[in-house]
Structure formats: structure tokens, C-alpha cells
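Heads up: the structure comes next, in C-alpha cells.
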Amino acid sequence: MTARVSLRNPYVGASGAPTFPSGAALLDAALGGGWARARVINLVGDRSTGKTLLAIEACANFARAVPGGRVIYVECEHAFDRPYAESIGFPASALLIDTIATVEQLFIQLQEWSKDPNGAPTLVVVDSLDALSDESENQNALGDQGYGAKKPKLLSEMFRRLNAQLAMRDVSMLFISQVRENIGVSFGAKYTRSGGKALDFYCSQIVWLSEVEKIKKTVRGVTRPIGAIVRARVTKNKISAPFREID
């Protein structure tokens, strides 16, 4: 019998599965208690819909909810402002990695964490999956055909080989994805995200973010946006009821 890692001080979701807070009470309710622990999570959204903000909140809440846990933020877009992130709760002890540029490098790093016998409960955030390339693409000249053709296969293989090991080591993975237009589709979803179908099958929670409207304020006759109302659609949820929407 394989011994499973005990989840220390877990928050418990609606189905009894261990969770940790997202930082937004409404989103926690839609998710059935919060983000699922020791699972794969996918956060998809348009620009300026709070993807990175929710990831920072997840890191902050994971550090508070899991004593002795570690947070690893894989920053692939080279646009992360750590001082600002720490001012809104990003853990000072979190490990920020900005040297991973390909799916192969991410696989090697995740493999090391999955083999660590003394590893603490861990949250790994990948921001964003779309910024990761693959080795074959890097060898091509700019403009060559076959952009991202190998990436879905690599992701599928990565999840097949690592999903069970990472779950047993209590490693939660949160992947941020950008929205892409589904060109040539007359019926069905108009938007998709890169990376193929692997995420759809291996993720326990998938949340899509979209902007509903801007929040505006007028001062001395000048109207400017100060925020936005964002809709979160839970399109997949293995620990609670799916297809919930909140603003």
C-alpha cells in the first residue's frame, strides 16, 4: 500500500476535499470551499481581469492556511513586480523563479519537487502557461510554421507522468492561461486557450474570468475607470458543483 502524505490543517470543501481560500468569499462559495489542494487548477481570463492578482491572493492564503508550507511562483512573462505583490500579501518567503522558459524545463523542475521525500506542502503557480515555449520551437526561425504544435503533446505527457506523484507530495499547481479567439468556429465557444486538451482532462478546477463592465468615477468633471466588475465562471469542478457564476 502506498502511504499518502497527510494534509496538515486543511480547510475542507463542500465534498470533504482539502482546500485553501482564494481570497474572495464569493469565489470560495462558487468553488465549494476554495482552491483544491494537491490538485491541478487552471485560471483563464482576458487581460486585466485579475488573473495575477488572484494568483497572489492564492499564494498569500496558502501560506496562512498551511503552516510550514512553501510557495513557488514560476514567472514566465518577466513582468512580476515583487515589491508590489508583497505589499498586498505575497509571502516574503516565497521562491520566485524566472529562469524557466520551456515546457521541458518546467517538467524537470516539477520532477525534482515530486521526488523530494521531505518536501513540505507546496503551491506552484505558473504565470503564464502561454509564455512557455518548447525546445523545438526555440530552434525554429521566427515565422516558421508549426507554432506550438508540440506543446500540447508535451503538456499531456507531463501531466500523465507527474500528476499522481505531485498529488501524493501535496503539491498544488495553479496554471494561468490567456484567452485566444477560436478562429473559424461558427457554433460553440468563441474563445479558447492554448496548450491543447490536456488541461481540460487533468485539472480539478477551471475558472474563466471575463470583464462585465468598468467601474468609473467622476472627479471635477473628469471620468476615469477605477476598477472593473469581473465575472468568474467555474467550468469544471471535481470537488463541488460546477457551472457556477459569480461577479
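The values are calculated or read from the model by the stated rules, or taken from the named source; none is laboratory data. Note that the coordinates shown come from a computational prediction; the quantities given were computed from them, not determined experimentally. In this analysis, Cβ positions are derived from the backbone assuming ideal geometry, glycine residues included, and neighbour counts consider all displayed protein chains. To get the accessible areas, we keep the full protein, side chains included, count just its heavy atoms, and leave off ligands, DNA and RNA. Shrake-Rupley method; radii C 1.70, N 1.55, O 1.52, S 1.80 Å.
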Q. Just wondering, is there one or more residues in segment 113-126 that are surrounded by fewer than 17 Cβ atoms within 10 Å (Cβ to Cβ), at pLDDT 80 or above, assigned to a helix (DSSP H, G or I) and not aliphatic (A, V, I, L, M)?
A. no
**Q.** Residue satisfying condition, being closer than 18 Å to Trp208 by Cβ, in contact (Cβ under 8 Å) with a residue 12 or more places away in the chain, open to solvent by less than 70 Å² (accessible area, probe 1.4 Å) and not charged (D, E, K, R), within set Ala131, Ala55, Ala63
**A.** Ala55
Q. Does any residue in segment 81-110 that is farther than 24 Å from Lys151 by Cα and of a type in the set (D, E, K, R) come within less than 8 Å, Cβ to Cβ, of a residue that is assigned to a strand (DSSP E or B) and open to solvent by 40 Å² or more (accessible area, probe 1.4 Å) six or more places away or on a different chain, and which pairs are these?
A. Arg82/Leu96
(Q) Please go through segment 67-81 and give me each residue that is surrounded by 15 or more Cβ atoms within 10 Å (Cβ to Cβ) and over 18 Å from the mean Cα position of the chain (by Cα), ordered by number. (A) none
Q.
What are the pairs with Cβ atoms under 7 angstrom where one residue, in segment 188-204, is farther than 18 Å from Val103 by Cα and the other, located anywhere, is open to solvent by less than 70 Å² (accessible area, probe 1.4 Å) and part of a strand (DSSP E or B)? Sequence gap at least six, or different chains.
A. Ser204/Ala36; Ser204/Val40; Ser204/Ile41
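The rows are residues; the columns are (1) of a type in the set (Phe, Trp, Tyr); (2) open to solvent by 10 Å² or more (accessible area, probe 1.4 Å); (3) more than 15 Å from the chain's Cα centre (by Cα); (4) within 15 Å of Val124 (Cβ to Cβ).
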{"site": "Ser15", "(1), (2), (3), (4)": "no, yes, yes, no"}
{"site": "Gly23", "(1), (2), (3), (4)": "no, yes, no, no"}
{"site": "Trp35", "(1), (2), (3), (4)": "yes, no, no, yes"}
{"site": "Val40", "(1), (2), (3), (4)": "no, no, no, yes"}
{"site": "Ser87", "(1), (2), (3), (4)": "no, yes, yes, no"}
{"site": "Ser93", "(1), (2), (3), (4)": "no, yes, yes, yes"}
Q) Does Arg47 meet the test of being charged (D, E, K, R) and more than 17 Å from Val230 (Cα to Cα)? A) no
Q: Any residue in segment 150-177 that's within 21 Å of Pro18 (Cα to Cα) and in a helix (DSSP H, G or I): show its pairings with residues that are among the polar types (S, T, N, Q) and open to solvent by 40 Å² or more (accessible area, probe 1.4 Å) at Cβ separation under 9 Å, as long as the two are six or more apart or on different chains.
A: Leu162/Gln111; Gln165/Gln111; Met168/Thr2
Q. Of Arg160, Arg224, Arg169, which residue is farther than 25 Å from Leu96 by Cα, open to solvent by 40 Å² or more (accessible area, probe 1.4 Å), of a type outside the set (Val, Ile, Thr) and under 20 Å from the mean Cα position of the chain (by Cα)?
A. Arg160
Q. Restricting segment 178-194 to residues that are in a strand (DSSP E or B) and open to solvent by less than 60 Å² (accessible area, probe 1.4 Å), which is farthest from Pro117 (Cα to Cα)?
A. Thr192
